[in-house]
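Visitor: One structure coming up, written as structure tokens, with questions to follow.
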Amino acid sequence: SNQQSAPPSATGAELIAATLKHQGVKVIFGIVGIPVIEVAEACIAVGIRFLAFRNEQSAAYAASAYGYLSGQPGVCLTVGGPGVIHALAGIANAQVNCWPMVLLAGSSDTDQVDMGAFQELDQVEACKPYCKYSARPASIDKIPATVEKAMRTALYGRPGATYVDLPADFIQYKIRDRQFVDKYAKSVPVLPASAPKSLADPQSVAEAIGLLSQAKSPLIVVGKGAAYARAENEIRQLIEKTQIPFLPTPMAKGLISDTHPLCVSAARSKALKEADVVLLLGARLNWILHYGQSPRWSGDVKFIHVDVLPEEAGNNGANTLPLVGDIQAVTSQLLNQPLPRVPATNAYVSGLLGKVKQNVAKSLASRKKGSDTAVMNYQSAYTVIKDILPADDIVFVSEGANTMDIARSFFDVHKPRHRLDAGTFATMGVGMGYAIAAQEYYPSKRVISIVGDSAFGFSAMELETAVRSKLPLIILVINNNGIYHGLDNEEFEQSRRDGTLPSTALLPDTRYDLLAEAFGGRGWLAKDRVQLASALKEALTVKDNACVINVMIAPGGRTKLEFGWMKKSDDKAKL
Ligand code: ADP
Ligand code: MG
């Protein structure tokens, strides 16, 4: 017969995959199930890598960290209902951290809405409070436009999370002619390499220069927004031209090396207290910076606040000159002006640098104490780790309370975007997702996770993900048998006699190292410095398998910080 055969057909899943490919997506973090298996398979078929997790929380955390590291929205794919509820943890975390990520999730068939369908949930509404944009495409052919808008909205302005709902009947829809797939996928613009960059009002730039010129004790504070903006070269020039000391927030460590002569991290309290004019680059005046308020800051400190979001300026009553714009662009604007230079004789700067020297010497002196076979504490364990790790190209991931706080000041970071931690939301459980994302983004670098035993427990099952994906993570579980100060054997026996355990306790001597081996990974138990050193040296030779070193430290070692993060101002207590 001369009857023409029908053209080959395609599916909605293939349209979704072609759309993501067109938008430049290289990797997706997620978990499949009905109805998104076809989506993942179609993505893999067009050359997108799919990293399959064990819990959507970790997958979403990984996507958000990948968004931060790569400067493009990280993409997460989950099933609907419970899958989205689990992933909400990740989108809320991304939103609070100002990191770009897109969650794509399957949902029930559109003709079964409100009927008690399989995993039915109004996901667009559920995600909305934690997202910049949350939508379901109006029809199959609108999938590319909705995905593009979600990617663009995640990236532009203040970065954050977005959500796209993918009903099962859209995914399974039979597209009659497969040439429509490419046609529709490519009918929308491609996401640009970065968001459009705006400049600050030139008048405000001139005022900022005036303020910096008159300052007696200026300070530059760099935040993870500056790291995200990839503004390291401009900021380094600004610091070196002006000779203004600087302080990174926890995730901005390494934007400019921690060992730069003008880095005053080791004199943080003094710097905050004494600064009169602060150039704030990509950091909010939230709990991490003590709300910009006295007594941690001087009562009449003036902030020059560079941020992409205008509403951020003046938060919490801070006396602020806003410079609204992209940090890289605005820093270049400042560099184009005649800049003041702090003289070497400035008493405030020499006071800070003196304090840095003194504090560094003090902590060095406190390091090597006790015999090699003594029970370890944070400092002695970290000293061993620091001595063995290569000086460069380490990507640090850290979570936990004391484990993270002490590691933050202990380990120097030399490169931008080489340290991830619990962040603005202080989220525990991010460690495995972040480490996997970091290794995916930096395939040739060593990712070292330094995590508390409690923090590790939130996402330990992702060890299987790491082993299966052949990611050579090195996870150092700093094990004190519990949350905060942990639990020693005597306390444990006592609690057993009483029949109760404190809420902070975990089972003593849990073998997290064996957990790694159960998955085919590598595990070591390290009870003293000698064992820790040999385990870490061996782990560093492993190139295609995940490693866990269970680092036993003495419980009960309460660390006293001069000021707790959460400490309220004394003024307020008087009200
Ligand atoms: P940290 O936790 O390091 O103090 P925050 O997350 O509080 O940092 O602050 C980061 C800030 O950076 C946010 O207010 C965000 O709006 C801002 N930001 C992100 N990207 C840019 C950019 N490209 N230009 C200017 N500001 C940015
Ligand atoms: Mg602990």
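Visitor: State the number of residues belonging to region 219-262 that are free of Cβ contacts under 8 Å to residues at least 24 places away in the same chain and within 22 Å of the chain's Cα centre (by Cα).
Guide: 1
Visitor: Residue by residue through region 292-305, note down the ones that are free of Cβ contacts under 8 Å to residues at least 60 places away in the same chain and either in contact with a helix residue (DSSP H, G or I) (Cβ under 8 Å, 6 or more places away or on another chain) or within 13 Å of ligand 1 (Cβ to nearest atom) (or both).
Guide: Applying the first criterion (free of Cβ contacts under 8 Å to residues at least 60 places away in the same chain) to region 292-305 yields 292, 297-301, 303, 305.
Listed by number, the residues that qualify are 292, 297, 298, 301, 303, 305.
Visitor: Mind telling me which of the residues 216, 197 ends up being touching a residue at least 40 places away in the same chain (Cβ under 8 Å), closer than 28 Å to residue 149 by Cα and not in a helix (DSSP H, G or I)?
Guide: 197
Visitor: Here's a follow-up. Looking at region 53-80, which of its residues are assigned to a loop (DSSP other than H, G, I, E, B) and either among the small types (Gly, Ala, Ser) or more than 22 Å from residue 197 (Cα to Cα) (or both)? Talk me through it step by step, then tell me what you get.
Guide: Within region 53-80, the first condition is being assigned to a loop (DSSP other than H, G, I, E, B), and the residues that meet it are 53-55, 71-73, 79-80.
Across region 53-80, the qualifying residues are 53, 54, 55, 71, 79, 80.
Visitor: So is residue 230 within 20 Å of residue 396 (Cβ to Cβ) and assigned to a loop (DSSP other than H, G, I, E, B) or not? Working first, answer last.
Guide: Values: within 20 Å of residue 396 (Cβ to Cβ): yes; assigned to a loop (DSSP other than H, G, I, E, B): yes.
It is true that residue 230 is within 20 Å of residue 396 (Cβ to Cβ) and assigned to a loop (DSSP other than H, G, I, E, B).
Visitor: What residue, of 434, 442, is aromatic (Phe, Trp, Tyr), closer than 21 Å to residue 99 by Cα and more than 16 Å from ligand 1 (Cβ to nearest atom)?
Guide: None of the other options fit; the residue is 442.
Visitor: Say whether the condition of being in contact (Cβ under 8 Å) with a residue 12 or more places away in the chain and either of a type in the set (Ser, Thr, Tyr) or under 25 Å from residue 384 (Cβ atoms) (or both) is met by at least one residue in region 491-501.
Guide: Initially, region 491-501 is screened for residues in contact (Cβ under 8 Å) with a residue 12 or more places away in the chain, giving 491-492, 501.
Filter once more, so that each one left must be either of a type in the set (Ser, Thr, Tyr) or under 25 Å from residue 384 (Cβ atoms) (or both): none.
No, there is no match, as no residue in region 491-501 is in contact (Cβ under 8 Å) with a residue 12 or more places away in the chain and either of a type in the set (Ser, Thr, Tyr) or under 25 Å from residue 384 (Cβ atoms) (or both).
Visitor: Next question, about the same structure. Can you spot a residue in region 526-540 that is away from ligand 2 (no atom under 15 Å from the Cβ), under 26 Å from residue 393 (Cα atoms) and polar (S, T, N, Q)?
Guide: Yes, that holds for at least one residue.
Visitor: If you check 285, 281, which single one turns out to be under 20 Å from residue 97 (Cβ atoms), within 16 Å of ligand 1 (Cβ to nearest atom), among the aliphatic types (A, V, I, L, M) and free of Cβ contacts under 8 Å to residues at least 60 places away in the same chain? I'd like the intermediate steps shown before the answer.
Guide: On the way: 281 fails: free of Cβ contacts under 8 Å to residues at least 60 places away in the same chain.
Step by step, each of 285, 281 is checked, and only 285 is under 20 Å from residue 97 (Cβ atoms), within 16 Å of ligand 1 (Cβ to nearest atom), among the aliphatic types (A, V, I, L, M) and free of Cβ contacts under 8 Å to residues at least 60 places away in the same chain.
Visitor: Right, here's the next one. How about region 222-244: which of its residues are buried (at least 24 other Cβ atoms within 10 Å of the Cβ) and under 28 Å from residue 96 (Cα atoms)?
Guide: Step one: of region 222-244, the residues buried (at least 24 other Cβ atoms within 10 Å of the Cβ) are 222-229, 231, 235, 244.
The answer is 222, 223, 224, 225, 226, 227, 228, 229, 231, 235.
Visitor: Given the condition of a type in the set (A, V, I, L, M, F, W, C) and more than 20 Å from residue 423 (Cα to Cα), answer yes or no: does some residue in region 280-296 qualify? Full working, then the answer.
Guide: Within region 280-296, the first condition is being of a type in the set (A, V, I, L, M, F, W, C), and the residues that meet it are 280-281, 283, 285, 287-289.
Next, from what is left, pick out any that are more than 20 Å from residue 423 (Cα to Cα): none.
For region 280-296, residues of a type in the set (A, V, I, L, M, F, W, C) and more than 20 Å from residue 423 (Cα to Cα): absent.
Visitor: Scan region 443-487 for residues that are surrounded by fewer than 24 Cβ atoms within 10 Å (Cβ to Cβ), more than 13 Å from ligand 2 (Cβ to nearest atom) and part of a loop (DSSP other than H, G, I, E, B) and jot them down.
Guide: Hits for region 443-487 are 443, 444, 445, 460, 461, 469, 470, 471, 472.
Visitor: Let me ask something additional. Suppose the filter is in a loop (DSSP other than H, G, I, E, B), within 26 Å of residue 538 (Cα to Cα) and more than 16 Å from ligand 2 (Cβ to nearest atom); does residue 387 pass it? Walk me through it before giving the result.
Guide: Working: in a loop (DSSP other than H, G, I, E, B): no; within 26 Å of residue 538 (Cα to Cα): yes; more than 16 Å from ligand 2 (Cβ to nearest atom): yes.
So residue 387 fails the test.
Visitor: Give 534, 459 a once-over and let me know the one that is hydroxyl-bearing (Ser, Thr, Tyr) and closer than 16 Å to residue 436 by Cβ.
Guide: Values: 534 fails: closer than 16 Å to residue 436 by Cβ.
Sole residue among the options that is hydroxyl-bearing (Ser, Thr, Tyr) and closer than 16 Å to residue 436 by Cβ: 459.
Visitor: Separate question: State which residue pairs qualify: first residue crowded, with 17+ Cβ neighbours inside 10 Å and inside region 541-553, second residue part of a strand (DSSP E or B) and at pLDDT below 95 in any location, beta carbons under 6 Å apart, and separation of 6 or more residues or different chains.
Guide: Listed by first residue and then by second, the contacts come to 553/376.
Visitor: From the list 436, 406, which one is away from ligand 2 (no atom under 16 Å from the Cβ) and in contact (Cβ under 8 Å) with a residue 60 or more places away in the chain? Before you say what the answer is, go through the steps one by one.
Guide: Values: 406 fails: away from ligand 2 (no atom under 16 Å from the Cβ).
Only one candidate qualifies: 436.
The values are calculated or read from the model by the stated rules, or taken from the named source; none is laboratory data. The structure presented is a predicted model; accordingly, all values stated were derived computationally and were not measured. Don't worry about glycine lacking a Cβ; one is built from the backbone with ideal geometry, like all the others, and counts go over all protein chains shown.
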